[in-house]
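Quick note: the coordinates plus some simple rules give every number you see, no bench work behind them. Because the structure is a prediction, the values reported are computed rather than measured. Backbone-built Cβ (ideal geometry, glycine too); neighbour counts: all protein chains shown.
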Amino acid sequence: MSERFSKPNMIAALERRAEALQKKHGFNPSNGTAQLTGPLATQEAAVAYGDFRLTLDLIQWIEDGSFFRH
């Protein structure tokens, strides 16, 4: 049986996605795009970092209730 859609379940799913991207690419959420050098200086890593940041932003917007104001 699948989980029911709810705000906590959505946030948990987004957190799992962000953690997976962070683990795969080694992103530091506090370092911004400055970390896209060396092994992370690829188009794939840049796109993945954008996905990572958007996922973190979605979590924040859902938690603070501002999702529909953006």
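What to note about this one:
- Meets criteria (out of contact with any Asp or Glu (no Cβ under 7 Å at 6 or more places or on another chain), loosely packed, with under 12 Cβ neighbours inside 10 Å, of a type in the set (S, T, N, Q) and in contact (Cβ under 8 Å) with a residue 12 or more places away in the chain) for residue 55: no
- In the stretch 1-21, the residues that are closer than 17 Å to residue 62 by Cα form Cβ pairs under 6 Å with partners that are surrounded by fewer than 14 Cβ atoms within 10 Å (Cβ to Cβ), at six or more places apart or across chains, as follows: 9/3.
- Residue 12 assigned to a helix (DSSP H, G or I), among the hydrophobic types (A, V, I, L, M, F, W, C) and touching a helix residue (DSSP H, G or I) at 6+ places or on another chain (Cβ under 8 Å): no
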